[in-house]
Amino acid sequence: MKKSIRQRTIQPLLASVLALASLPLFAQQPADTVTARRHTLKEVNINIGHASQQMPLTTSNMNQQQISENKTDISIPYILNLMPSVVAEGENGMVGNTSMRIRGIDRTRINVNINGITLNDAESQMVYWVNLPNLAGMAQNIQLQRGTTASTDGSSDFGGAINLQTLNGRFSPYATADFSMGSFNTRQYSFMAGSGITRHNWSVDLAANGMTTDGFVRNGFADHQSLFVSATHYGKRSLFKALAIAGKQKTGITWNGAYANDLDADPTYNDAGTYYDAFGNVFYYGNETDNYFQRHYQLYYNYSLTSRWTLNTVADVTFGDGFYENYKDDKKPGSKYGLLTDATSLAKSDFITRKLMDNVAYSLNIGANYQSDRFHLSFGQAAQLYDGFHFGHIIWAQDPSLLALNTFDENGEYEWYRNHSVKKSTNSYLRANWDISDKSSLYADLQFRIVHYTMEGTDDDDIWDSLHFNEDYFFFNPKVGYNRSWSSDNGQQNRLYFVAGISHREPCRADITDAYYSNLWYNNGDTVKAEAMLDIETGYQIQRHRFSASANLYAMLYKDQLTPSGRINSASGYALMDNVDRSYRIGIELVAGYQATDWMNLAGNLTLSSNKIIDYVYNVSVMDENWDYDHTEQRSLGNTDLSFSPSVVGAAIASFRPFYGLGPKGRNFSLQFIGKYVGKMYVDNTSRPEMLQDDYFLLNLKAGYTWQLSGNKEIEAQLVVNNLLDHTYRINAWNASYYFTDGSDSYDRAFFQQPGRNMMARLVFSF
């Protein structure tokens, strides 16, 4: 792809970050200033959106050591998979494209932030974890908030929020090299290094990561790299940080799924790139791939006006460009792609299409914090501007006459469609926490959000009718809560909290275009609406010397919830959504941990829930015997289950140090058995028995040994065996239902086959 003007603007930004990174990595530190800087480093924390224990929110936290221990899981969804109510999914196992659900909520409704700046794509509202490979290698800590969450940049969440803080500077120089390899020819590397705080009060940190794999399914290969560079200056009353994050990925397309009979014959079957010659012989196109290059450039400035007032500013520019390429076998050149043809226009041809994106997003978050003995106040303004182009090229056609009749550019490519989107959003927020006593506090969080979204041009779904979308959304999202913490006479720590909040969220691009063209083609009145949710939660936590437990009750009540219909966009695998009038998710989350002995620890969580649509009514496009559209009718099914929402999700970990009693070296060996259970669920909203997905249980084994060397140096070896019991299971890819004028119906259903027993070995050197 040619370099765009946007790409050329990267150079000065990157040069400035690299100039900061050129500071001496291992400069000597004056001993008399280390203590003061230690205090500064501890207090300065870019954690916009993170919830504290004083806030009545439902959270789970993972520190850097815990993240590192789970890095064999490769992607963030699988690293977080053992947290309550989380279900991680992958098209190709744990490598390639992965995603996650929280309480049954899909990835478009989970707000992900890096240092307070939204990571969600403005249009799809998804986080493509594959675009920033091995993000965990850049993380200082991760906090998962479930249900009602603290207001921050980006769209409102409907299931939870993930707040990730990138690497902080350390007091002393450090370096880590991390290597792993395993099944499917998977190889991963990671390097981290930091200067510590130099004599000039700077620290520089960097992380480089890479991963290659052949993948479990055919064409499931991946080639990923990422780079993180950060430079931080610690002043007496200020913090300045500049950082750059870049991710580049090339991944084989695996989002089609496969029919059960194909998987029965070959569990690795994937039809992406399939084409046939004149004799019916099957071939596979070698570049059926998804490609993307994403760059984030961020600046942070915090200043302490007084001992109580702090100002903070966060700015981000994100560039993204990429494409995915598909081989189209035996297609009509005019009907779909708009190619001019001669008198033989009824003939079909093979094509290679390339769908491209070129976008930039600017984000700014300005806020202030006030902290007294009993009162904590945060308020601010966040704004984002997204400017994106979607366009498609035909880069090759089998029929040579098409080259003579159509305008191809100097690269031999024909532009098939092009559209332009602009999305502007502003977010004003006010958060307050008031300690009304030594044990109790009140919480309030008010957010006002304005969104303006326009789309113009031709779309790949319909090049003959231009897309014209211009919409404004105005949302007010209030949250209130109560938190009480106290100690019992026996030393037990107790926490009781209650929170209620209202959230609104605009539909994403695919929701809008799907409804737009559905109404255009079938005149069925389909529209897509913004969603609203009332979430009410209450929880109780206890902690003793060796035991901790918590229970959280939640009721998420929706108006016009967008929920996966079971259908997918055939071009990119995006789950198409339906607005449902009234729905709810009600459940309880149980978490417990027990340090049975010095050498054995037990932990687990369990979510039990009911997830329903009330009086589900949906539009059905009815076809005649020739499979031509005849009319649209409404059907009512009464109360049904929400799609992809299991009523039971659980996880358990048993950790052992079996040689603990044999001395210091014996304590360096660890062993874990890790279990994950995901209950049955429906893959659309109709609750038909044929749409029920089986439950599954996975048992993983993790073993590790650490060699302590002189100083703080160490070498750690780790072996992970996933799916230890070699369980055969599939997760759903998509389904399609067909309805006919004679009253009959039929359906198709495809699956993502998951790998059996597989393993990863890892070696980490820390200096």
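Residue check: is F293 open to solvent by 30 Å² or more (accessible area, probe 1.4 Å) and modelled with pLDDT of 95 or more? When the stated conditions are applied, F293 passes them. Just one of the listed residues (H452, H545, H504, H468) is open to solvent by 40 Å² or more (accessible area, probe 1.4 Å) and outside any strand (DSSP E or B), namely H545.
Residues checked against (1) at positive phi; (2) open to solvent by less than 10 Å² (accessible area, probe 1.4 Å); (3) assigned to a loop (DSSP other than H, G, I, E, B); (4) touching a strand residue (DSSP E or B) at 6+ places or on another chain (Cβ under 8 Å):
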site: S60; (1), (2), (3), (4): no, no, no, yes
site: S68; (1), (2), (3), (4): no, no, no, yes
site: P77; (1), (2), (3), (4): no, yes, no, yes
site: L82; (1), (2), (3), (4): no, no, yes, yes
site: E91; (1), (2), (3), (4): no, no, no, yes
site: V95; (1), (2), (3), (4): no, no, no, yes
site: M100; (1), (2), (3), (4): no, yes, no, yes
site: G137; (1), (2), (3), (4): no, yes, no, yes
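Filtered by the rule that a residue be under 20 Å from S565 (Cα atoms), surrounded by fewer than 18 Cβ atoms within 10 Å (Cβ to Cβ) and not hydroxyl-bearing (S, T, Y), region 714-767 gives A736, F740, D745, D748. Exactly one residue among D438, D460 is without any contact (Cβ under 8 Å) to a residue 24 or more places away in the chain and out of contact with any helix residue (DSSP H, G or I) (no Cβ under 7 Å at 6 or more places or on another chain), and that residue is D438. Scanning region 296-327 for residues that are of a type in the set (G, A, S), open to solvent by 20 Å² or more (accessible area, probe 1.4 Å) and within 33 Å of the chain's Cα centre (by Cα) turns up just one, A315.
Here L430, L356 are screened, and the one residue that is under 25 Å from D290 (Cβ atoms) and within 32 Å of the chain's Cα centre (by Cα) is L356. Residues of region 349-380 that are under 30 Å from S437 (Cα atoms) and part of a strand (DSSP E or B): G367, A368, N369, Y370, Q371, F375, H376, L377, S378, F379, G380. Of the numbered criteria (1) open to solvent by 30 Å² or more (accessible area, probe 1.4 Å); (2) on the phi < 0 side of the Ramachandran plot, the one D330 fails is (2). Evaluate the following for S609: is it small (G, A, S), in contact with a Ser or Thr (Cβ under 6 Å, 6 or more places away or on another chain), open to solvent by 50 Å² or more (accessible area, probe 1.4 Å) and modelled with pLDDT of 95 or more? Considered against the rule, which asks whether it is small (G, A, S), in contact with a Ser or Thr (Cβ under 6 Å, 6 or more places away or on another chain), open to solvent by 50 Å² or more (accessible area, probe 1.4 Å) and modelled with pLDDT of 95 or more, S609 comes out as no.
For region 122-134, the criterion of being of a type in the set (S, T, N, Q), closer than 18 Å to F293 by Cβ, in contact with a helix residue (DSSP H, G or I) (Cβ under 8 Å, 6 or more places away or on another chain) and surrounded by fewer than 23 Cβ atoms within 10 Å (Cβ to Cβ) is satisfied by at least one residue.
Criterion applied to D526, D560 was being at pLDDT below 85, buried (at least 16 other Cβ atoms within 10 Å of the Cβ), closer than 23 Å to F475 by Cα and out of contact with any Leu (no Cβ under 7 Å at 6 or more places or on another chain), and the one residue passing it is D526. Here F293, F279, F283 are screened, and the one residue that is in contact with a helix residue (DSSP H, G or I) (Cβ under 9 Å, 6 or more places away or on another chain) and among the aromatic types (F, W, Y) is F293.
Looking at region 653-669, which of its residues are open to solvent by 50 Å² or more (accessible area, probe 1.4 Å), assigned to a helix (DSSP H, G or I) and not small (G, A, S)? Those that are open to solvent by 50 Å² or more (accessible area, probe 1.4 Å), assigned to a helix (DSSP H, G or I) and not small (G, A, S): Y660, L662, R667.
The values are calculated or read from the model by the stated rules, or taken from the named source; none is laboratory data. These numbers were taken from a predicted model, which means no experiment stands behind them. FYI the Cβ positions are ideal-geometry reconstructions off the backbone, even for glycines, and counts take in every protein chain you see. When the accessible area is computed, the model is the full protein with side chains, heavy atoms only, and any ligands, DNA or RNA have been set aside. Shrake-Rupley method; radii C 1.70, N 1.55, O 1.52, S 1.80 Å.
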